[in-house]
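Presented below is the structure to which this report refers.
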Amino acid sequence: QVQLVESGGGLVQAGGSLRLSCAASGSIFSINAMGWYRQAPGKQRELVAAITSGGSTNYADSVKGRFTISRDNAKNTVYLQMNSLKPEDTAVYYCAAHELFRSSWGQGTQVTVSS
């Protein structure tokens with residue numbers, strides 16, 4: 001199984017930036033893709049960005065051009081660089097690792113964007 005530890009959340013003003021980190025350990029060789037998801041109060045969890053083992057990326061329309069997902073294979077870490085943050089980006093952000101038959105989730109990190 002894969003263990004994930006997220007960090008980097010916090011409070012930022014609109015227009016500011018944050019970088020989230022997700023460190024993976026355990027059965028990392030079996031990971032096909034990793035993603036960042038978010039869940040705002042009263043809303044369903046949604047995909048923000050994902051990156052495959054081959055390096056392909058995809059983004060939610062709402063964050064395209066503002067967020068960038070990347071990874072450092074040497075550190076087994078995936079990052080989410082968030083620029084031009086908006087109040088509507090406020091949510092708990094979760095990292096996930098997707099294997100062939102299961103997914104693992106981090107504990108979540110709060111991102112709050114003030115207007």
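General remarks:
- With coordinates expressed along the principal axes, the C-alpha atoms belonging to the chain extend over 41, 26, 23 Å, beginning with the largest.
- The phi torsions of the range 36-41, fed into the Karplus equation with coefficients 6.51, -1.76 and 1.60 and a -60° offset, translate into couplings of 10, 10, 9, 9, 8, x Hz, rounded to whole numbers, with Gly and Pro shown as x.
- Computed with a 1.4 Å probe on the full set of protein chains, the accessible area for CYS95 sits at about 0 Å².
- For the chain, relative contact order (Cα pairs under 8 Å, six or more residues apart, normalised by length) works out to 37 percent.
- Net charge of neighbours whose Cβ lies under 13 Å from the Cβ of GLU6, counting Lys and Arg as +1 and Asp and Glu as -1: +2
- Length released on extending from GLN81 to TRP105, taking residue separation times 0.36 nm less the Cα-Cα span: 6.7 nm
- Accessible area (Å², 1.4 Å probe, nearest 10) - ARG102: 110 Å²
- Accessible area per residue for the chain is 53 Å², calculated with a 1.4 Å probe on protein heavy atoms, without ligands, DNA or RNA.
- Counting heavy atoms of the protein chains alone, SER104 has an accessible area of about 10 Å² for a 1.4 Å probe.
- Residue-count net charge about TYR94 - beta-carbon cut-off 12 Å; Lys, Arg +1, Asp, Glu -1: 0
- Here the accessible area is traced with a 1.4 Å probe on the protein chains. For the range 1-47, carbon and sulfur cover 51 percent of it.
- Cα-only Debye scattering, the range 42-82: base-10 log of I(q)/I(0) at q = 0.16, 0.27, 0.28, 0.29 Å⁻¹: -0.44, -0.98, -1.02, -1.05
The values are calculated or read from the model by the stated rules, or taken from the named source; none is laboratory data. All figures in this text were calculated on a predicted structure; none of them were measured in a lab. All Cβ positions, even for glycine, are placed from backbone atoms using ideal geometry, and neighbour counts span all protein chains on display. Keep in mind that these areas ignore ligands, DNA and RNA; they rest on the heavy atoms of the full protein, side chains included. Shrake-Rupley method; radii C 1.70, N 1.55, O 1.52, S 1.80 Å.
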